[in-house]
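The values are calculated or read from the model by the stated rules, or taken from the named source; none is laboratory data. Because the structure is predicted, anything quoted here is derived from the model rather than measured. FYI the Cβ positions are ideal-geometry reconstructions off the backbone, even for glycines, and counts take in every protein chain you see.
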C-alpha cells in the first residue's frame, strides 16, 4: 500500500465506481463510496450488494457507503471521480461548495465522456470547475466492470501530464488481475475512451440489422481511423490510439455482450427509438451523449468522421439505420 495515500473516496456508485472500490478494497485500502441517492446508498450499505449496478458482487467491509459528499471529499487523499459525463458538472459544483483544499489531493477521472455544451474532456471539465491547481489523472482502457469485479485478468492505462502522479496511481491500482500501464497523453487516452462508445453503437446497429463479421470489422477499423483523425487535430499522439485506450477499448466495447453502448446500437438496429431504449436502462450508455459532442468537434475542426455522423443522425435525426449504412457504403471512393 502507498504510504502517502491513506484515504480513498469513490464519487459515483454506478457499476464502474463500485467495481473500482471493490478492487481497491481487495488491496486492503479503506474506502468511502458516495452515491447521489441517499435511500439507495443506505440500502446498499446495509445489504452490501449494489443490485442495480453491480449485481452479485458483495462489497467488502472496508468500503463505507456514504451519502455525505463533503465528508467523502474532505477525508480523501485520492478522489476517484466516477460520475457519468452528463451529470459531471452538477456534482463538481457540489464538490466546489465543500470548499475543501483540493491542491493536496489527487483527482482520478474514470469517466469516459465529453461535455456536450463546452466540448471539454473530463479532465478539462474538472479543471474548469475546480481550478488549475488540482492534481488530475485519468484511468481508461478495455474494462468491462463485471469482469474486473470478478477478478478476470484485465488491463488499463493511467494518464497524467505529471508522470510521477501517473506512476503513483499505477502502484495503487495495479494487481495480479488488473495490470495498469502509464501514459502522459491525457488527450489521446480520454478521446479513445470516449469515441469508442460511439463506434460501439455503430457496431451494435450492425448486430441489430443482422449483418456479419465483415461489416463489424469494417466499422471497427474505420472507426479507429476516425478516432485517430480527431485525436491528431486535438494534439493527441497517434500511437495512443493503437494501444489499450484506443484499439483495446474499442474492441472490447464493440464485441462484448455486456457493452451498454453496443446493446443500445443493437436495439436501434432493430427499430427501437432511443427514448424507449434509454428509458429502460438503469446505467448510462455514454455514447448516446458523447456523439453530440464529438459530432460538433468534428465540424469545428473540419475532421471527416462519417460513422460518427451517421450514429448522430440515427439517434438525433431519426434516420433509419439501414439508410445510414447504405449512405456510408455509397460514399465517394478513396484510398485507405
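Some notes on this structure:
- Set side by side, the residues 65, 20, 54, 59 differ, and just one is crowded, with 19+ Cβ neighbours inside 10 Å, modelled with pLDDT of 95 or more, in contact with a strand residue (DSSP E or B) (Cβ under 9 Å, 6 or more places away or on another chain) and closer than 30 Å to residue 191 by Cβ, which is 20.
- Restricting region 162-173 to residues that are within 19 Å of the chain's Cα centre (by Cα) and more than 19 Å from residue 241 (Cβ to Cβ), the residue that is surrounded by the most Cβ atoms within 10 Å (Cβ to Cβ): 169
- Residue match in region 33-50 (condition: on the phi > 0 side of the Ramachandran plot and out of contact with any strand residue (DSSP E or B) (no Cβ under 6 Å at 6 or more places or on another chain)): no
- Counted residues, region 303-335 - those being in contact with a helix residue (DSSP H, G or I) (Cβ under 8 Å, 6 or more places away or on another chain) and over 23 Å from residue 209 (Cβ atoms): 2
- For region 136-158, the set of residues classified as within 14 Å of residue 18 (Cβ to Cβ) and either more than 14 Å from the chain's Cα centre (by Cα) or assigned to a strand (DSSP E or B) (or both) consists of 146, 147, 148, 149, 150, listed by residue number.
- Subset of region 287-316 that is within 16 Å of residue 230 (Cβ to Cβ) and in contact with a strand residue (DSSP E or B) (Cβ under 9 Å, 6 or more places away or on another chain) - its residue that is surrounded by the fewest Cβ atoms within 10 Å (Cβ to Cβ): 292
- Matching helices (runs of 4 or more DSSP H) fully within region 207-313 where at least 1 residues are over 22 Å from residue 121 (Cα atoms) and in contact (Cβ under 8 Å) with a residue 12 or more places away in the chain: 213-233, 249-255, 260-269, 274-279
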